[in-house]
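The block underneath contains the structure these notes are about, expressed in C-alpha cells.
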Amino acid sequence: MFLEIRDLHKKFHKHCAVQNVNLSIDKGEVLGLLGPNGAGKSTTISMISTLLLPTDGDILFKETSVVEKPQQIRDILGYVPQEIALYPEFTALENLHFFAKMYKVPRKNRVDRIQEVLQLVGLTDRATEKIETYSGGMKRRLNIACALVHKPELLILDEPTVGIDPQSRNHILQMVKQLSKDGMTIIYTSHYMEEVEFLCDRIAIMDNGEIIALGTKEALTNVVEQQDVMTIRAIPVKTTFKEQIEQLEDVTYVNCKDNSYDIGIKQGADLLPEVFTIAQNLEVRILHVEVKTPRLEDVFLYLTGKTLRDA
Amino acid sequence: MIIAHTIKDIMRMIKDRKALLIILLMPAVLTILLGASVGKLMNGSSKISSIPIAIVDQTSPASLDDPSIQSFITQGESPINSPQEDIEFVSLFLNEVLENKEVKNLIDYQVLSIDEAMQLLDANKITAVITFPESFNQDVLQAMVMSSPKQVQVQMKQNPNEGLQNEIVKGLVQSYTNQLSKNVITKNTIVQLMNDNAPIRKELGESMEEAMNQSFSSDRKEFYTERKSLQGLTSINGIQYYTAGMAVMFMLYLASYAGLYVKDEMRMHTFQRIRASKSSIWDVLVGRFLSALCLSFSQLVILFSVSKLLFSISWGNVWALLLIMLVSSIGVASLAICISVFTLHTPKVDITNIFQSVLIPFLAMLGGSFISTATLPEIIQEIGNNIINGASLQAFVGVMQGVPIQQLSGSIIAVLLNGVVFLIISAFLVFRKKEVF
C-alpha cells in the first residue's frame with residue numbers, strides 16, 4: 001500500500017477536528033477529499049503532510065509510520081497549501097530556486113527543472129517578474145509549480161482553485177489531470193463537486209471531521225440511485241410549505257434555500273399533483289419544476305441533509 | 001540548505017525598504033540629532049565640572065624607629081639609613097596626585113575633619129570622603145620594610161547618586177594604592193632573593209636602599225606613570241557616543257525584524273511549506289542566525305562608517321572595534337532566534353510589536369543609548385551594563401576611548417552570555433512544542 005491512514009483523530013482542545021478517518025491510497029491513484037469548509041479536509045492533509053501530529057491513529061507511507069519518521073514522506077511529497085505560500089517580494093524564478101533548494105534538487109538539474117515547471121504552469125514569459133504583480137490565477141499556478149519542482153511521487157493539493165478565473169482554473173485542472181496520467185499519486189481537496197468528479201478515481205466525502213462516504217463516483221451515486229431529485233422554485237417562501245412536503249410519503253428529504261427546494265423522492269414516485277395541491281392551499285406560487293438524476297451534490301445532501309455550499 | 005535560508009532572509013531584508021529605513025537611516029539621523037543636541041553636554045567629558053571630595057587625614061608620621069621595624073632591620077648586614085624628613089604617604093597623595101595639573105582640573109579637594117566631611121557628604125555637597133586612618137603611614141612603611149606587613153587600608157565613602165564621579169574618584173585612589181602595593185611586592189621579591197643568594201645580597205641591598213629612598217623622595221616617577229594611564233583614555237564626543245548608542249539600539253530593531261518575517265511566513269504559509277519539505281527547523285533557525293549575524297554586522301559597519309565619513313569620528317583600535325561588532329552581532333543573532341522561536345511558539349502574542357514598541361525603548365534607556373548609565377542608580381547601572389545592548393555600548397565606547405581590548409572582556413563576555421541565554425530559551429521552546437517545529 002502506498003499510503004494508509006488508520007483511525008486518525010485530531011483534537012484542538014475540546015474540539016474534534018478529525019475523527020475515525022481510515023483511508024488507503026494506491027500508487028498513481030487520484031483521491032478526492034470532498035466536503036464543506038470546516039469538514040476536516042485541511043486538517044487531514046496537514047497530518048499527512050507532517051505539519052500536524054495526530055492526536056491518535058497513524059499514517060503509514062510504504063508501511064512506515066509518518067508520525068515516527070516524517071522525513072520519509074517529506075522526501076517524496078509536493079504540498080500545495082490552500083493559501084498562496086510564496087514570497088511576494090521575490091520573482092517566480094527566485095521563489096522556484098528557493099523551494100528547489102528546500103527540496104534538495106541537485107544544482108546541475110535545478111535550472112532545467114525550473115524551466116520545465118514554468119512551462120507546465122504557463123509562466124515562462126513572466127518568470128522574472130515579482131509575483132506581487134501577478135493575477136490570482138498566476139499566483140495559484142506558481143503555487144503549484146513550487147510543489148512540483150522536485151518531481152514528487154505524492155502531490156497534495158488543498159483547494160488549489162479557490163478564487164481564481166475560469167481560465168486559470170481550467171489550466172490547473174488540465175495540469176493535474178496530466179500529472180495523474182503521468183503516474184503521480186494525488187490527493188485533491190475541494191468543495192467544488194465538478195472538479196472532484198472530473199479528476200478523481202475515488203472520492204471521500206467528509207463532514208464534521210468524519211468520512212461519511214468513500215468510493216468511486218459511480219459507487220457513491222449508487223447510494224442515492226433509488227431516488228430522484230425534484231427541484232422546485234416557489235414564492236413566497238413558507239416554512240409550512242416545506243414541512244407539509246416533508247410529511248408526504250415517498251419524500252426522503254427536503255432542503256430549502258431562498259425560494260428553491262431540493263426534494264428527494266423515491267424513484268418513480270409521482271408527487272407532482274400533491275405538491276401542487278399543497279402549494280395551492282398555502283397560496284404558494286410554483287415558478288419552476290425540474291426532476292433530475294442524482295449527482296455527488298445530491299449524495300452529500302442525502303448523507304448530511306445539507307448542501308456543500310450551505311455547510 | 002542553511003545557506004539558502006540565509007540568502008533568502010538577507011534578500012527579504014534588502015528588498016524591504018521600510019526595514020532598511022528603520023535599521024540604517026533612522027539611527028544615522030538620530031545620531032546626528034542627539035549628538036548635536038544632548039551630545040554637547042558630553043563634549044570633552046574630560047571637562048566635566050570639578051568633582052568635590054574631602055580628604056580626612058588622621059595619620060601620624062611614620063618612623064623607622066618603630067621597635068618592630070628596627071628589630072627587622074638590624075637582622076640585615078647593611079642597615080637602611082633613616083630618611084631626614086618625616087615619612088608621609090598622604091602628603092604624596094595630596095601633592096603628587098591631587099595637585100597634578102590634569103587631576104586638579106577634575107578633582108576639587110579639601111582637607112577636613114571627619115565630622116565636617118561627613119556633614120558635607122550627607123548634604124550632597126561633595127562626592128566622596130577619602131579617609132587615611134591614623135596608622136596609615138606607619139602601616140605603609142611597615143609593609144615596605146618588613147616581610148610580614150600589616151594590611152593597609154584607605155577608606156572611601158561615596159555619594160551613591162553620582163556614579164560617574166564616584167568611578168573617577170575610585171580610580172584615583174585605586175591607582176594610588178596599586179602603586180603602593182607594587183612597591184611592596186618589589187621589596188618582597190628583593191628580600192626573598194637576598195635570603196636565597198648570599199653573593200648578590202650586598203649588591204641588592206644597596207639597590208633596595210636606593211629604591212626605598214627614591215620611593216620616599218618627592219620625585220615619584222611611578223605616580224606620574226599611573227596618572228598618565230588615567231588621563232590616557234581619550235575623551236569621546238557626543239557624535240561618537242550616540243553613534244554607538246544608536247547602533248546598539250537599532251541592532252535590537254534588526255533582531256525584531258526576524259520575528260516580523262517569521263510572522264509573515266506563518267501568515268503566508270511559506271513556513272508550513274518549508275516544514276513540509278526536506279528542510280528541518282534547525283536549518284531554518286541556523287539560516288536565520290547567520291542572516292541576522294551578517295545583517296547586524298553590516299548595519300554596525302555602515303553606521304560607524306557613516307559617522308566616520310560625516311563627522312570624522314575616531315574609531316579607536318579598528319580591529320578591536322570589528323571584534324566588538326562581531327560579538328554584538330552574535331548576541332543580536334541569538335536574540336533574533338529567540339524572537340523567531342517565540343513567535344512560532346506563541347503566534348497569538350504579538351511579541352514583535354511588544355518588543356519594538358515597549359522593550360526596545362526600555363532596553364535602550366537601561367543600556368545607556370540615550371543618556372549615560374553613569375547617571376543612573378548603581379543597581380540599574382549594573383543591570384544596564386550587562387544587558388546585550390548596554391554591554392555592547394560599554395565595549396564600543398571603551399574601544400573609542402582607547403581602552404585595551406583585554407579590559408573590555410567583561411562587556412564582551414556579558415554580550416556573549418546574553419546570546420547563550422537567548423539560545424537556551426530558544427532550544428527550550430523548540431523542544432517544548434515539537435508539533436509547531
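Summary table
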{"read-out": "Those residues of the stretch A:243-277 which are open to solvent by 60 Å² or more (accessible area, probe 1.4 Å), outside any strand (DSSP E or B) and under 21 Å from residue A:299 (Cβ atoms), in sequence order", "value": "A:246, A:267, A:268"}
{"read-out": "Selection status of residue A:214, in contact (Cβ under 8 Å) with a residue 60 or more places away in the chain, within 26 Å of residue A:38 (Cβ to Cβ), touching a Leu at 6+ places or on another chain (Cβ under 9 Å) and open to solvent by 40 Å² or more (accessible area, probe 1.4 Å)", "value": "yes"}
{"read-out": "Residues satisfying the stated conditions in the stretch B:291-300, i.e. within 18 Å of residue B:259 (Cβ to Cβ) and away from chain A (no Cβ under 14 Å)", "value": "B:292, B:293, B:294, B:295, B:296, B:299"}
{"read-out": "Conditions (1) open to solvent by less than 70 Å² (accessible area, probe 1.4 Å); (2) more than 10 Å from chain B (Cβ to nearest Cβ); number of the one not met by residue A:85", "value": "(2)"}
{"read-out": "Set B:267, B:273: member being in contact with a strand residue (DSSP E or B) (Cβ under 8 Å, 6 or more places away or on another chain) and within 27 Å of residue A:84 (Cα to Cα)", "value": "B:273"}
{"read-out": "Hey, residue A:39 modelled with pLDDT under 90 and either of a type outside the set (Val, Ile, Thr) or over 17 Å from the mean Cα position of the chain (by Cα) (or both) or not", "value": "yes"}
{"read-out": "Check on residue A:234, in contact (Cβ under 8 Å) with a residue 12 or more places away in the chain, touching a Leu at 6+ places or on another chain (Cβ under 8 Å), open to solvent by 10 Å² or more (accessible area, probe 1.4 Å) and more than 27 Å from residue A:164 (Cα to Cα)", "value": "no"}
{"read-out": "Flag if residue B:288 is without any contact (Cβ under 8 Å) to a residue 40 or more places away in the chain, among the basic types (Lys, Arg) and either facing chain A (nearest Cβ under 9 Å) or farther than 30 Å from residue B:240 by Cβ (or both)", "value": "no"}
{"read-out": "Filter pass, residue A:5 being more than 16 Å from the chain's Cα centre (by Cα), within 14 Å of chain B (Cβ to nearest Cβ), aliphatic (A, V, I, L, M) and open to solvent by less than 10 Å² (accessible area, probe 1.4 Å)", "value": "no"}
{"read-out": "Whichever residue in the stretch A:98-130 is under 29 Å from the mean Cα position of the chain (by Cα) and within 11 Å of another protein chain (Cβ to nearest Cβ) and, among such residues, is farthest from residue B:9 (Cα to Cα)", "value": "A:103"}
{"read-out": "One residue from A:90, A:99, A:61 being open to solvent by less than 30 Å² (accessible area, probe 1.4 Å), in contact (Cβ under 8 Å) with a residue 12 or more places away in the chain, touching a Leu at 6+ places or on another chain (Cβ under 6 Å) and not hydroxyl-bearing (Ser, Thr, Tyr)", "value": "A:61"}
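The values are calculated or read from the model by the stated rules, or taken from the named source; none is laboratory data. Predicted, not measured: the structure shown is a model, and the values here were computed from it. Positions of Cβ are generated from backbone atoms using ideal geometry, with glycine treated the same way; all protein chains shown enter the neighbour counts. When the accessible area is computed, the model is the full protein with side chains, heavy atoms only, and any ligands, DNA or RNA have been set aside. Shrake-Rupley method; radii C 1.70, N 1.55, O 1.52, S 1.80 Å.
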